[in-house]
Amino acid sequence: METNDDKLLKSFFSQNKPEIADNGFTQKVMLRLPEKEPKTGWIILMFTALGCLVTFALVDVREVISEIFTFLLGIPIYYLLGGFMLIPIVTMLVMLAYKREYNLA
Amino acid sequence: MLLVSQVVIADDHRAFDRLVQKYQSPIRRFLINLTMGDTMLSDDLAQETFIKAYLNIRSFQGISAFSTWLYRIAYNTFYDSVRVKRGYDDLNIAELDKKYSTETEYSAEKNDIFAALKLLRKDEQAAILLCYMEDKTHREISKIMNIPLGTVKTNILKGKEKMGKFLRQEGYGN
């Protein structure tokens, strides 16, 4: 429900609501814009993909996979579990570090 | 929203230029009122606001309106500058209000606004300005100021009563 104070304040502020002329403000902002860091993610991605392709071409993939499985089966189960338990901890730490960035949204 | 997408995807400076042109007036007006008419300081804060917006535009999730997001940056920028001035630990709002009310440069006819706003606490000032000057809803104000909806309503109610009383004494609304 609109009170008398509401009406008074609405009318007061609507009478004192100026539009501010730009007067070169936008230009000043645009001149002060810092350079963003160049996007280099694609370079890493390209070299990773290239590395994978070369590996697949040069190495007998089946043999590598079977050796990995043999190696994994040889590890005591509690070592493996310990390793898996690290995943959520590392993920949490990475997320915390990411969240420390100035979150404006 | 198209302009925002152009800036996010293609880092399009022309699109950002248009965004600044579009939003400079309300953001600068909001900051001028928060700084009690200190146009130099408010313009510096407004520039900083837009630079922060440019640098962090990828963190804009589009959940709220772009203007709401900008007001939030502007409000944070203003509050950060207040904290820097006074130090983080001994932030005494009442003292701060006195000290931070810098001389009015904006225009003589705005004196009544600033005199009325000076009666309010900083958070009440911001809530009242966003509600009545910038036509933001309570929910949007809650997002901008990052405080619960109930606190926004309380701030507006208290601010409204104080300002209403002052304005009637000054002969408004008769």
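Read-outs: derived from the displayed coordinates by stated rules, not from any lab. What you are looking at is a predicted structure, and each value in this text was computed from that prediction instead of being measured. Cβ atoms come from the backbone with ideal geometry, glycine included; neighbour counts cover every protein chain shown.
Read phi for every residue in segment B:117-128 and hand back ³J(HN,Hα) as whole Hz from Karplus 6.51 cos²θ - 1.76 cosθ + 1.60, θ = phi - 60°, with x for Gly and Pro.
For segment B:117-128, the Karplus curve yields 5, 5, 6, 9, 6, 4, 6, 5, 4, 4, 5, 5 Hz.
What distance in nm separates the simple spin-label points at A:Leu80 and B:Asn146, each placed 7 Å from Cα in the Cβ direction?
Here the modelled spin labels are 4.5 nm apart.
How well do other chains shield peptide A:27-36, expressed as the mean number of their Cβ atoms within 10 Å of each residue Cβ?
5
Semi-axes of the equivalent ellipsoid for chain B, please: Cα gyration tensor eigenvalues, times 5, square-rooted, ordered largest first, whole Å.
So the three semi-axes of chain B are 29, 17, 16 Å.
Starting from the Kirkwood Rh over alpha-carbon pairs, what translational D in µm² s⁻¹ does the protein assembly as shown have by Stokes-Einstein at 20 °C and 1.002 mPa s?
My calculation gives 95 µm²/s for D.
Which residue fluctuates the most in chain B, going by a Gaussian network model with Cα springs under 10 Å, if the choices are B:Gly37, B:Gly159, B:Gly62?
Top of the fluctuation ranking is B:Gly62.
Based only on Cα atoms, what Rg/Rh ratio does segment A:23-99 have, Rh being taken as Kirkwood's radius?
With Rh from the inverse mean 1/r over Cα pairs, Rg/Rh is 1.28.
Take chain A, connect every pair of alpha-carbon atoms lying under 10 Å apart with a spring to form a Gaussian network, then pick out the residue of A:Leu50, A:Leu80, A:Leu93 with the largest mean-square fluctuation.
A:Leu93
My understanding is that a pair violates if its Cα-Cα distance is over 23 Å; which of A:Lys7/B:Lys165; B:Lys22/B:Lys143; A:Lys28/B:Lys136 do that in this structure?
Those over the limit are A:Lys28/B:Lys136.
How do B:8-15, B:46-53 rank on mean C-beta neighbours within 10 Å, highest first?
Highest to lowest by the protection proxy: B:46-53, B:8-15.
Working out 0.36 nm times the residue gap between A:Val90 and A:Leu33, then minus their Cα-Cα distance, what length gain in nm do you get to one decimal?
Going from the current span to full extension adds 17.0 nm.
Starting from the Kirkwood Rh over alpha-carbon pairs, what translational D in µm² s⁻¹ does segment B:6-47 have by Stokes-Einstein at 10 °C and 1.306 mPa s?
Estimated diffusion coefficient is 143 µm²/s.
Could you work out which residue, out of A:Thr70, A:Thr40, A:Thr91, moves most in a Gaussian network model of chain A, that is, has the largest mean-square fluctuation with Cα springs under 10 Å?
Most flexible of the set in this elastic network: A:Thr91.
So how far, in whole Å, is the C-alpha centre of segment A:9-63 from the one of segment B:1-38?
Centre-to-centre (Cα) distance: 16 Å.
Amide H to amide H, which residues 5 or more places from B:Lys136 or on other chains are under 5 Å from it, using H placed in the peptide plane?
Sorted by chain and number, the residues that satisfy this are B:Cys131.
Can you work out the FRET efficiency for the pair B:Ala65 and A:Asn23, with r the C-beta to C-beta distance and R0 = 25 Å, to the nearest 0.05?
That pair, B:Ala65 with A:Asn23, gives E of 0.45.
With each run of n ≥ 4 DSSP H residues scored as -39500 (n - 2.57), what mean residue ellipticity at 222 nm is computed for chain B after dividing by its residue count and rounding to the nearest 500 deg cm²/dmol?
When only DSSP H runs of four or more count, the value is -22000 deg cm²/dmol.
What ³J(HN,Hα) values, in whole Hz, does the Karplus curve 6.51 cos²θ - 1.76 cosθ + 1.60 give for segment A:56-73 when θ = phi - 60°, with x put for Gly and Pro?
4, 6, 8, 10, 7, 4, 4, 5, 4, 4, 5, 5, 4, 4, 4, 5, 5, 5
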